[in-house]
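First up is the structure itself, then whatever we jot down about it.
The values are calculated or read from the model by the stated rules, or taken from the named source; none is laboratory data. Note that the coordinates shown come from a computational prediction; the quantities given were computed from them, not determined experimentally. In this analysis, Cβ positions are derived from the backbone assuming ideal geometry, glycine residues included, and neighbour counts consider all displayed protein chains.
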Amino acid sequence: MKKNLIYSGDCIDILNNEIDKKSVDLIFADPPYNLSGNGLKWKGNKTGGDWYMVNEEWDKMTAPEYLQFTRKWVGACYEVLKGHGSIYISCSYHNIAEVMIVLKQLDFKIHNVITWQKINAMPNMTRRVFTHSTEFIVWAVKGKKWIFNYEELKKINPEKQKDGTLKQMRDVWALPLVQGKERLKGKDGRALHPTQKPEEMLKRIILASSNKDDLVLDPFLGSGTTVFIAKKLGRNWIGIEKSKEYIKMAQNRIFNK
Ligand SMILES: C[S@@+](CC[C@H](N)C(=O)[O-])C[C@H]1O[C@@H](n2cnc3c(N)ncnc32)[C@H](O)[C@@H]1O
């Protein structure tokens, strides 16, 4: 098995056939949420500029297909994780139910459901529901000896005690949607990937549940956020992505081409 490489193809095939069993310390997975379909867009939105709802072919399944897909890829992740390994799965209200059911059925122990509070969330276009401004990251572990670098997290926690001293990191993370210089954009100014995750989110996860030289794997790599941060933090890494276009984008980002 090769490390520090992006594997091209379907993550279920690659996890089952190319990644060594019990070899990975930490997995971050940002799977399709299965929310695409209506192609909503909002041009000239005054608060955040043009907005396009995620509308991707890789993100459209029936409900039974989606549950089956979740079982397959989370099951494959279970096999490649070491005995002390952790998995962090990014979710929204669309897919958190399937993710939780599958984790429980596989005997993972769920430790936290971290709430990502998007401090610059888009306004709601329909005006018929509360404005969505959260996503979730479910943290689950395989065995009893999981890594949790408590002191490291205290050091990077922007929240402080009243007297200015360090504070435990809570499970609500107030972070903006990726924008400005961090957002990868094409020549037309549109985002190159519809669901690029904040670098700060990956920094917290990787520092929390892995150590230097450990192996971090992302089965749905997208624009490469996980491996970009893993490499910066001195971890070994593996990315898996099925779109050739996104692989190229991630490689440019990681190797600064
Ligand atoms: C939600 S995005 C991940 C975004 C990523 N976290 C980032 O910061 O850019 C999901 C990615 O998984 C890829 N994908 C979808 N199904 C896949 C599969 N079965 N195997 C591998 N990649 C897949 C899509 O092409 C997409 O880039």
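Values as computed for the structure displayed
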| item | result |
| --- | --- |
| Unmet requirement for ASP107, which otherwise passes all of (1) over 30 Å from PRO123 (Cβ atoms); (2) at pLDDT below 95; (3) not in a loop (DSSP other than H, G, I, E, B) | (3) |
| So THR165, is it in contact (Cβ under 8 Å) with a residue 24 or more places away in the chain and polar (S, T, N, Q) | no |
| Which numbered condition SER223 misses (of (1) within 9 Å of the ligand (Cβ to nearest atom); (2) under 13 Å from the mean Cα position of the chain (by Cα); (3) touching a residue at least 40 places away in the same chain (Cβ under 8 Å)) | (3) |
| Residues located in region 229-250, provided they are surrounded by fewer than 19 Cβ atoms within 10 Å (Cβ to Cβ) and within 13 Å of the ligand (Cβ to nearest atom) | LYS242, SER243, LYS244, GLU245, LYS248 |
| Filter result for the condition that a residue is closer than 30 Å to ASN256 by Cα, more than 16 Å from the ligand (Cβ to nearest atom) and without any contact (Cβ under 8 Å) to a residue 60 or more places away in the chain, over LYS203, LYS212 | LYS212 |
| Filtered residues of region 69-124 (kept if touching a strand residue (DSSP E or B) at 6+ places or on another chain (Cβ under 6 Å), polar (S, T, N, Q) and closer than 12 Å to VAL138 by Cα) | SER86, SER90, SER92, ASN112, THR115 |
| Among the candidates PRO123, PRO176, residue that is surrounded by 12 or more Cβ atoms within 10 Å (Cβ to Cβ) and more than 16 Å from the ligand (Cβ to nearest atom) | PRO123 |
| Selection within region 52-94 - outside any helix (DSSP H, G or I), at pLDDT 95 or above and of a type in the set (Lys, Arg) | LYS82 |
| Residues of region 72-96 that turn out to be over 14 Å from the mean Cα position of the chain (by Cα), farther than 17 Å from GLU241 by Cβ and more than 13 Å from the ligand (Cβ to nearest atom), as a count | 9 |
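Yes/no matrix, rows are residues, columns are (1) surrounded by 14 or more Cβ atoms within 10 Å (Cβ to Cβ); (2) within 16 Å of the ligand (Cβ to nearest atom); (3) closer than 19 Å to ILE119 by Cα:
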residue: ASN149; (1), (2), (3): yes, no, no
residue: THR165; (1), (2), (3): no, no, no
residue: GLY189; (1), (2), (3): no, no, no
residue: PRO194; (1), (2), (3): yes, yes, yes
residue: PRO198; (1), (2), (3): yes, yes, yes
